[in-house]
Amino acid sequence: MTEYVVVDKNQLEADLTIVADSIRAKGGTTEKLDFPLGMKSAVESIQTGITKPEQEKTIEITENGTTEVTPDEGKVLSKVTVNTNVESGGGSGESDVLTLNINALTDLFRDVATLEYKNYVFYTFPRSETFNMSRAFAGTDVESVKIFGTVSRTANMANLFYSDLGNKIRVFDVSESMFTNISNPGFYNCSSLEEVRFPRESIVANLQLNQSPMLSAESIQNIIDSLKDLTGSTSSTIRLHYDVKDKLTEAQISAITSKNWTLA
Amino acid sequence: MKLETKNNIRILTPSEGMWLCNMTDRVISDKVYLGKNASETEWVEIDDSEKARLETLWESDTEPSETDSEYAEAGKILMGVTE
């Protein structure tokens, strides 16, 4: 015998709608679901553990800041490739280096007060026996200069870093050059100079570093080693800052004077 | 001015309140260690006012002169300097 249950029709419809809405949301459908078979079918169609399609994205970073990477709708990111192409704005870091192949440097950046690059490496192809770099960085804010592979033996470095107001040069390295004949290298007002490197016995006349109090111990020794032996020739003079001179050992002073250099 | 030798190093020192000056090399110093073949006669004593005068004179001579170097323009082009 069939039993009947009396229920509130409106309440029953409301309750079934709640269930149907839940099934539709889970199943990603908007279809009308009849009770019970429609709902049953819809529930059975719901896939558990569904994986959204994967997506790979590539982005390019061109400036500092925050970049958000989001997948397209309905997808998940499986891989993000980042290409960095931030334009260098200069500065004093090791990465800010301008490399030039050039055959002379005379007046090259003279009086360019603010250089885009602060550090320079030169691979030189000079036209003549004398490589001229006089005044190349006079009046600039260069911080380091290195020179490699010259053919020239003679270098003109007069007023190389000349500046009335002082300059920022910290490193000057020509130890890998072929220079054997350097005279009057210009370190006027180079109060920030810390590292100086010349080829061995390459300086032949008048080295003035009396305005450079911050020379490293290694640089001081390199300078001594770079003085050419002038025995039998006219003596020449090396000037060092008082602070640097006070740090010299007796052996270093003897090494200087025995090469016929006067230390002032 | 006093010349003394210590461990084969010849040291030249000025009188009190004075400086040593080499006019040829344009060098002024408070103490000089002479190269083994250098002559102490290259050095003279000067006072503070002469020191100041010479330093000013030599400094003005040191300033680089104007030049029409062909490389000056090249450098400015490299740096994007337009004036």
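Every number in this text was worked out from the coordinates using simple rules, so none of it is lab data. Everything numeric in this text was worked out from a predicted model, so none of it was measured. Because the Cβ atoms are built from the backbone with ideal geometry, glycine has one as well, and the counts that use them run over all protein chains shown.
Counting every other Cβ atom within 10 Å of each residue's Cβ, A:197, A:239 order from fewest to most as A:197, A:239. Taking other Cβ atoms within 10 Å as a rough exposure proxy, A:61, A:147, A:238, A:224 sort from fewest to most as A:61, A:224, A:147, A:238.
Look at the alpha carbon pairs under 8 Å that are at least 6 residues apart: their mean separation over the length of chain A gives a relative contact order of 9 percent. By the helix-only formula, in which each DSSP H run with n ≥ 4 contributes -39500 (n - 2.57) and the sum is divided by residues, chain A has a 222 nm mean residue ellipticity of -6000 deg cm²/dmol. Fully extending the segment from residue A:43 to residue A:255 would add 66.7 nm, taking 0.36 nm per residue of separation and subtracting the current Cα-Cα distance. With contacts taken as Cα pairs under 8 Å and at least 6 residues apart, region A:164-264 reaches a relative contact order of 24 percent. Across all C-alpha atoms in region A:207-264, the radius of gyration and Dmax reach 10.7, 33 Å. The trypsin sites (Lys or Arg not before Pro) of region A:5-78 that meet both conditions, a loop assignment by DSSP and at most 16 other Cβ atoms within 10 Å of the site Cβ, are A:32, A:75. With only the Cα atoms considered, chain A has a convex hull volume of 252 Å³ per residue.
The angle between the Cα long axis of helix A:9-27 and the longest principal axis of the Cα atoms of chain A comes to about 30 degrees, rounded to the nearest 10.
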